[in-house]
1. When you go through GLN17, GLN59 one by one, which is the residue that is exposed (fewer than 10 other Cβ atoms within 10 Å of the Cβ) and in a helix (DSSP H, G or I)?
2. Return the residue satisfying two criteria in turn: it lies in region 74-96 and is over 15 Å from ARG143 (Cβ atoms) and touching a strand residue (DSSP E or B) at 6+ places or on another chain (Cβ under 8 Å), and of such residues it is surrounded by the fewest Cβ atoms within 10 Å (Cβ to Cβ).
3. Any residue at all in region 113-134 that's free of Cβ contacts under 8 Å to residues at least 12 places away in the same chain and in the same structural domain as ILE159 (by TED's automatic domain parsing)?
4. If you check every pair at least six apart or on different chains, which have Cβ atoms under 7 Å apart with a residue in region 142-165 that is touching a residue at least 60 places away in the same chain (Cβ under 8 Å) first and a residue that is crowded, with 16+ Cβ neighbours inside 10 Å and not in a helix (DSSP H, G or I) second?
5. Taking the stated definitions as given, is VAL102 crowded, with 17+ Cβ neighbours inside 10 Å, assigned by TED's automatic domain parsing to the domain that holds LYS149 and not basic (Lys, Arg)?
6. So in region 114-173, with the set limited to residues that are part of a loop (DSSP other than H, G, I, E, B) and touching a Lys or Arg at 6+ places or on another chain (Cβ under 6 Å), which one is nearest to ASN92 (Cα to Cα)?
7. Suppose the filter is surrounded by fewer than 13 Cβ atoms within 10 Å (Cβ to Cβ) and in the same structural domain as ARG91 (by TED's automatic domain parsing); does GLU169 pass it?
8. Identify all residues within region 72-112 that are out of contact with any Asp or Glu (no Cβ under 9 Å at 6 or more places or on another chain) and part of a strand (DSSP E or B); write none if there are none.
Amino acid sequence: MARLEQVAGLTAHDAKQELIHRFEDAARDDAAASVRDIKEQAKKNADREAKKIVALAIQRIAAEQTAESSVSAIPLPSDELKGRIIGREGRNIRAFEAATGVDVIIDDTPDTVVVSCFDPVRREVGRLALERLIADGRIHPGRIEDVVKKAQADVDAGIAEAGEQAVYETGIRGLHPELVKLVAG
């Protein structure tokens, strides 16, 4: 034993300590590799589960939210106005849809007309213009164009005002006017 310690240059106790340190280092490396693998697997599973949850939420809410955010119902004082909105051979409704870029849906719903469009600004212009035409009672292609232009100007002014208010509330100074409009949109 003394001869072996002399050749190795270590005492039995030092040799044991060296062996223990090597086993500890190997165990730490194995444990770290296992922890890394477990974390990677957990991330993959979490991403998959998150995508599954988001997809389910979208499926449940999408149709309802799309209908809510893409249509505006406009009440009519009487059902006879539906015929006037459509016009002779559909010329009024075609002129209105061309001027605003929205779809007007006239169905069996009593005293209601629906304006549909994915662009909220165009939908608001269409809603406002149709309400004004109904209130005025004069619905014909020439009048439609004038009312749509006025409604567009009113909506643009409202957007600019909302943008200015948002910029004021946030304390941003010297913002370009086009960016102010985009802030409100």
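The values are calculated or read from the model by the stated rules, or taken from the named source; none is laboratory data. None of these values were measured; they are calculated from a predicted model. Note: ideal-geometry Cβ built from the backbone for every residue, glycine included; neighbour counts use all protein chains shown.
1. On inspection, the qualifying residue turns out to be GLN59.
2. Here the answer is PRO75.
3. No, region 113-134 contains no residue that is free of Cβ contacts under 8 Å to residues at least 12 places away in the same chain and in the same structural domain as ILE159 (by TED's automatic domain parsing).
4. So the pair list comes out empty.
5. Answer is yes for this residue.
6. ILE139
7. In short, yes.
8. ALA73, ILE105, THR112, listed by residue number.
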